[in-house]
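The values are calculated or read from the model by the stated rules, or taken from the named source; none is laboratory data. Computed from a predicted structure; not experimentally measured. As a convention, Cβ positions derive from the backbone with ideal geometry for all residues, glycine included, and neighbour counts pool all protein chains shown.
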Amino acid sequence: MNIHDFLNRVRDLAPERLASPWDNSGVQVAGPERTVRKAAVSLEPGPEALSKALSWGAEVVVAHHPLYLKPEAPNAPGRYLDALRLLLCSETWLYSAHTSLDSRPGGPARWLGEALALRDRAVLEPQADPEAGFGELGDLPRALSVEAFLKKLQPLVCGAALTLCGPEPRRIRRVAYCPGSGSSLAAVAFGRGADVLVTGDVKYHAALEVSGLVVDVGHFALEEEMMRRFAAELARVAEGVSVRFFEGRDPFRRVPGQE
């Protein structure tokens with residue numbers, strides 16, 4: 001498949017028109033005209049993931065996070081320069097499906113709602129298209145205690161450490177979630193009747209202000225699974241292209257506290 005035909009398949013699954021104005025979804029690094037036989041998918045476009053993809057023989061890498069949000073000069077050693085060097089020396093394309101994927105109606109960013117069997121699902125923060133936007137909320141088949149809900153959630157996020165803040169409800173029925181950094185949607189979630197918000201990257205001062213229970217599962221867990229599912233979607237529509245998902249690694253290492 002020609003590279004431009006392949007990228008159009010990616011755009012069908014992550015429409016660039018749905019990307020936020022501040023974002024840099026789309027081509028990050030362009031390569032030459034070529035036929036794509038192998039396409040790698042990963043959460044991050046860092047040197048570690050790129051090295052694995054290139055060793056496998058990928059002609060194009062589709063990552064969730066952009067290589068950069070604003071253009072920057074490759075004038076200092078570090079992760080950005082290392083990634084550029086790998087891509088340019090191998091003439092490999094890099095594409096970012098970031099908020100264009102996050103906000104797609106019914107897209108893989110909604111996987112947790114499916115896994116929790118939520119009912120009456122709706123977009124948490126709609127964009128111009130009322131069916132597109134960030135996050136989702138819906139109702140569990142039956143109300144659970146906080147303890148039972150966390151027990152149900154833990155294996156879905158690969159055993160990630162759960163950090164809780166805000167007042168705990170007596171029972172949890174309506175669940176809101178947003179992969180990545182979604183603490184800014186807390187007021188929206190609880191204003192729409194959510195009993196809990198599941199997201200990542202909750203900051204200290206935001207935690208002081210939340211009016212309901214927020215479960216921080218970290219930035220990695222929800223989006224890693226999202227990209228795994230996105231890779232499966234892409235494999236179904238990219239005829240003749242071998243699509244492979246390259247697993248990432250949570251950059252945080254957690255040390256248990258002493259009892």
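Things to note:
Residues checked against (1) modelled with pLDDT of 95 or more; (2) within 23 Å of the chain's Cα centre (by Cα); (3) under 20 Å from residue 6 (Cα atoms):
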position: 53; (1), (2), (3): yes, yes, yes
position: 56; (1), (2), (3): yes, no, yes
position: 84; (1), (2), (3): yes, yes, no
position: 92; (1), (2), (3): yes, yes, yes
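Residue-wise test of (1) within 21 Å of residue 12 (Cβ to Cβ); (2) free of Cβ contacts under 8 Å to residues at least 60 places away in the same chain; (3) out of contact with any Pro (no Cβ under 9 Å at 6 or more places or on another chain).
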| residue | (1), (2), (3) |
| --- | --- |
| 200 | no, yes, no |
| 208 | no, yes, yes |
| 215 | no, no, yes |
| 235 | yes, yes, yes |
| 240 | yes, no, yes |
| 245 | yes, no, yes |
| 249 | no, no, yes |
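- Hey, residue 69 of a type in the set (A, V, I, L, M), closer than 25 Å to residue 12 by Cβ and surrounded by fewer than 16 Cβ atoms within 10 Å (Cβ to Cβ) or not: yes
- Count of residues meeting criterion [buried (at least 16 other Cβ atoms within 10 Å of the Cβ), closer than 24 Å to residue 176 by Cα and small (Gly, Ala, Ser)] in segment 207-254: 4
- Count - residues of segment 2-27 that are surrounded by 18 or more Cβ atoms within 10 Å (Cβ to Cβ), out of contact with any helix residue (DSSP H, G or I) (no Cβ under 8 Å at 6 or more places or on another chain) and not in a helix (DSSP H, G or I): 1
- Tabulated pairs, segment 27-45, first in contact (Cβ under 8 Å) with a residue 40 or more places away in the chain and within 30 Å of residue 250 (Cβ to Cβ), second assigned to a loop (DSSP other than H, G, I, E, B) and among the polar types (S, T, N, Q), C-beta under 7 angstrom, 6+ apart or interchain: 31/92
- The criterion of at least 2 residues that are outside the structural domain of residue 120 (by TED's automatic domain parsing) and at pLDDT 95 or above is met by the following helices (runs of 4 or more DSSP H) wholly inside segment 163-259: 219-237.
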